[in-house]
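No value in this document is a laboratory result; all are computed from the given coordinates. Everything numeric here is computed off the predicted structure, so don't read it as measured data. Here the Cβ positions follow ideal geometry from the backbone for every residue, glycine too, while neighbour counts run over all protein chains shown.
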Amino acid sequence: MKRCPYCGYSNYDGAEHCRKCEASFSRQAATLATKTFRYGPDKARTLRRRALALFVVGVLMKVYWGGHGPWQAVDNPTLVSMRGWLEPLLLVGGALLYVAGWLLRWV
């Protein structure tokens, strides 16, 4: 198996391009692999995973606390006041961090 010098994904031995990040395995790509990244693909992947977790928590909050299912909605005043600012923060913040992590994998 060939390992991609950019993202570390395992590819078939005869592959000319990475199946995940579509980087070329040519000699020129091997010289670019020594480039040091300020952020890099590994840290960007970690950021995307955490951002996706935030987004999922925001969706679960919308479903379970919002009463969008067959269960009773949460009506505790403290939790309802927290939901007003926490839900958009998790949903929008998670989506923006995911996009930032996707863009930062080349930086």
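Using the 10 angstrom Cβ neighbour count as an exposure proxy, how do Asp13, Asp42, Asp75 rank, fewest first?
Asp13, Asp75, Asp42
Using θ = phi - 60° and the Karplus curve 6.51 cos²θ - 1.76 cosθ + 1.60, what whole-Hz ³J(HN,Hα) does each residue of segment 86-98 get, with Gly and Pro shown as x?
6, 4, x, 4, 5, 5, 6, x, x, 5, 5, 5, 5
Using a Debye calculation, one point per C-alpha and no hydration shell, please list log10 I(q)/I(0) for the chain at q = 0.11, 0.13, 0.15, 0.19 Å⁻¹ in order.
Here log10 of I(q) over I(0) equals -0.52, -0.63, -0.72, -0.91.
List every residue whose amide H lies under 5 Å from the amide H of Lys2, counting only residues 5 or more places away in sequence or on a different chain, with H placed 1.01 Å from N in the peptide plane.
When sequence neighbours closer than 5 places are left aside, the close amide H contacts are Asn11, Tyr12, Asp13.
Provide the per-residue ³J(HN,Hα) series for segment 45-62, in order, calculated from phi with Karplus coefficients 6.51, -1.76, 1.60 and θ = phi - 60°, each as a whole number of Hz, with x at glycine and proline positions.
Calculated HN-Hα couplings, in order: 5, 5, 4, 5, 5, 5, 5, 5, 5, 4, 5, 5, 4, x, 5, 5, 5, 4 Hz.
Provide the gained length on full extension for the span Lys62 to Thr78, in nm with one decimal, where the gain is 0.36 nm per separating residue minus the Cα-Cα distance.
Fully extending the segment from Lys62 to Thr78 adds 4.2 nm.
Show the residues, 5+ positions off or on another chain, whose built amide H is closer than 5 Å to the amide H of Val74.
For Val74, whose amide H was placed from the backbone, the distant partners under 5 Å are Gly67.
Kindly put Thr78, Thr46 in sequence by how many other C-beta atoms sit within 10 Å of each C-beta, fewest to most.
Neighbour counts put them in this order, fewest first: Thr78, Thr46.
Within segment 46-80, list the residues whose amide N lies under 13 Å from a label point set 7 Å along Cα→Cβ of Lys20.
46-49
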